[in-house]
Amino acid sequence: MRNYGHFIGGKHVAGKSGRTADVFQPLDGSVFGKVALASKAEVREAVENAKAAQPAWAATNPQRRARVLMKFLELCARDNDKMAELLAREHGKTIPDAKGDIQRGLEVVEFAIGAPQMMKGEYTEGAGPGIDIYSMRQPLGVCAGITPFNFPAMIPLWKAGPAIAAGNAFVLKPSERDPGVPLMLAELFLEAGLPPGIFNVVNGDKEAVDAVLDDEDIKAVGFVGSTSIAEYVYSRGCAAGKRVQCFGGAKNHMIIMPDADMDQAADALIGAGYGSAGERCMAISVAVPVGEDAANRLMDKLVPRVEALKIGPSTAADVDFGPLVTAQALERVKGYVDIGVKEGAKLVVDGRGFKMQGYENGYYMGGCLFDNVTKDMRIYKEEIFGPVLSVVRAKTYNEALDLANDHEYGNGVAIYTRDGDAARDFAAKVNVGMVGINVPIPVPLAYYTFGGWKRSSFGDLNQHGPDAFRFYTKTKTVTSRWPSGIKDGASFVIPTMG
Ligand code: NAD
């Protein structure tokens, strides 16, 4: 049994609050470990360590900071198998998918190694007589990340990589469901040469989150999780005067035009709808075929594919997806399937009864496929976050576009078509932050930014890409005049260059 505490000031520290939570192994439902839930005082201890370490780190030149991250990448490659297995055991996703989770996080660290370039300011020589103007980017000080269970490596690294590269110290409050990998990342950062106190992990629940939000020394908070908590974190963090960005839930649509390659579209829906048991914020949960003929052709391809999905323990080879993260998540997702049936949607494939032989206490369910879902149903409006795909039949392209545009979430969306005009029109008009054209999970690469629209995100700047450096730095602009011998007397009007 593992006992997870915190990682503060370069050391593992046992929890002192007396409160703990069980960490489960979804593949068989066993208790894998216990995680300490931090009190306000423990969060404060992490912040004090971070605050003490940060000035020297900020004064370290950006290339040296980047070299620590290079070493960190090497160490993550060395320990990749170990980390992926731990991740799969605590989360439930398959080992290849866990490796993808780690890799997408490391790609942002690779991008953050460009900090010397990203931190460069601007310079204007001779903006006026003897006047030069320049700007510089400076770190904020102590920043924090509050992250969800579904990407325990990727999202902490999306937050911490650029923040640290920019010269900040970081306090991570990861999900209490799978704390093992974030603590492993902390050990590897230290081994890579990151000074103690620059990357801290405080495990916990709402009490720790509130302590982060209220702490005066934390200047910026990056959150990822469900929309209701995102909204709460955003308003409380902003009220405390912090810079806050919060990324929330999703209901990602895939529009399938009548001219689409149906085999390609079905493949895309199977992978993007059911991969990681649908527990991805960029999972496709709604398929919108345009026209009855396209809908019927799509269903003919989808049904046998959903029925043939291979479900199994996360550590097994050759499995399409593993169990859900917790018993509660399993009940919630099955509950949504019950709701869909009551609402009158046609449940074409029912995975509720699936049992994994030899792993009867694991949190498994089979893939579910609904047809004839309509936009007034709860299973359409709400995020299910499980292996459940809803098909909403649209009569026209415009009706399909309106569905995506009118939905309260706007994280990702995709269109499958061979028609460049339709694809271009869709990309221009759709009211969603990340768009795929014949690409089902359009997660932008590290050097672009990631972020949804509408109730999928709160705050102005996106995650990773250039926005990450904007979020984790503040700009200072210096107007200087040399030589100082010019004497033009006191002026009482605002200076202009007119
Ligand atoms: P969650 O909202 O339950 O938890 C996220 C974080 O908030 C965790 O660290 C958790 O400890 C903390 N938290 C939970 N309840 C809290 C409360 N009452 N007060 C304060 N803090 C609280 O989310 P989750 O179940 O871990 O993750 C799944 C959700 O995350 C889904 O909605 C998914 O769409 C979303 N997600 C979004 C993105 C994105 O980039 N938009 C990426 C990944 C996941």
Item to check | Boolean, Pro289 is touching a residue at least 24 places away in the same chain (Cβ under 8 Å) and either among the basic types (Lys, Arg) or away from the ligand (no atom under 16 Å from the Cβ) (or both) | outcome: yes
Next on the checklist: Checking Pro466 against (1) within 16 Å of the ligand (Cβ to nearest atom); (2) at pLDDT 95 or above; (3) of a type outside the set (D, E, K, R); (4) over 16 Å from Val288 (Cβ atoms), only one condition comes out false. Which one?
Outcome noted: (1)
Checklist entry - Within region 116-123, can one find any residue that is surrounded by fewer than 21 Cβ atoms within 10 Å (Cβ to Cβ) and assigned to a strand (DSSP E or B)? => result yes
Next on the checklist: Restricting to region 325-344, count the residues that are open to solvent by 40 Å² or more (accessible area, probe 1.4 Å) and under 27 Å from Pro152 (Cα atoms).
Outcome noted: 4
Checklist entry - Out of the residues in region 210-230 that are open to solvent by 20 Å² or more (accessible area, probe 1.4 Å) and of a type in the set (D, E, K, R), which is nearest to the ligand (Cβ to nearest atom)? => result Asp210
Checklist entry - Quick one: would you say Thr475 is over 19 Å from Phe223 (Cα atoms) and under 26 Å from the mean Cα position of the chain (by Cα)? => result yes
Next on the checklist: Checking the conditions here, which among Leu347, Leu369 is open to solvent by 10 Å² or more (accessible area, probe 1.4 Å) and of a type outside the set (Phe, Trp, Tyr)?
Outcome noted: Leu347
Checklist outcome for this item: The condition of being more than 23 Å from Glu48 (Cβ to Cβ), at pLDDT 95 or above and open to solvent by less than 10 Å² (accessible area, probe 1.4 Å) holds, among Gly167, Gly180, only for Gly180
Checklist entry - When residues of region 383-408 are filtered for being within 16 Å of the ligand (Cβ to nearest atom) and open to solvent by 30 Å² or more (accessible area, probe 1.4 Å), how many remain? => result 3
Checklist outcome for this item: Taking first residues from region 337-363 that are in the same structural domain as Ala277 (by TED's automatic domain parsing) and touching a residue at least 60 places away in the same chain (Cβ under 8 Å) and second residues anywhere that are polar (S, T, N, Q) and open to solvent by less than 60 Å² (accessible area, probe 1.4 Å), the pairs with Cβ under 8 Å that are 6 or more apart or on different chains are Asn361/Ser30; Tyr363/Thr326
Checklist entry - Which residues, counting only those in region 416-441, are open to solvent by 20 Å² or more (accessible area, probe 1.4 Å) and within 30 Å of Val337 (Cα to Cα)? => result Asn431, Gly433, Val435, Ile437, Asn438, Val439, Pro440, Ile441
Checklist entry - Does Thr475 qualify as being of a type in the set (Ser, Thr, Tyr) and within 16 Å of the ligand (Cβ to nearest atom)? => result no
Checklist entry - Tell me, which strands (runs of 3 or more DSSP E) wholly within region 381-498 include 1 or more residues that are under 26 Å from Tyr274 (Cβ atoms), of a type outside the set (Lys, Arg) and touching a residue at least 40 places away in the same chain (Cβ under 8 Å)? => result 388-391, 412-416, 434-437
Checklist entry - Does Val413 satisfy the criteria of being closer than 27 Å to Ser226 by Cβ, open to solvent by less than 20 Å² (accessible area, probe 1.4 Å) and more than 16 Å from the ligand (Cβ to nearest atom)? => result no
Item to check | Selection count, region 49-58, where residues are in contact (Cβ under 8 Å) with a residue 60 or more places away in the chain and either over 14 Å from Phe189 (Cβ atoms) or of a type in the set (Lys, Arg) (or both) | outcome: 5
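The values are calculated or read from the model by the stated rules, or taken from the named source; none is laboratory data. Note that the structure is predicted; figures quoted are calculated from it, not measured. For neighbour counting, all protein chains shown are included, and Cβ atoms are generated from backbone atoms with ideal geometry for every residue, glycine included. Surface areas here come from the heavy atoms of the whole protein model, side chains and all, with no ligands, DNA or RNA. Shrake-Rupley method; radii C 1.70, N 1.55, O 1.52, S 1.80 Å.
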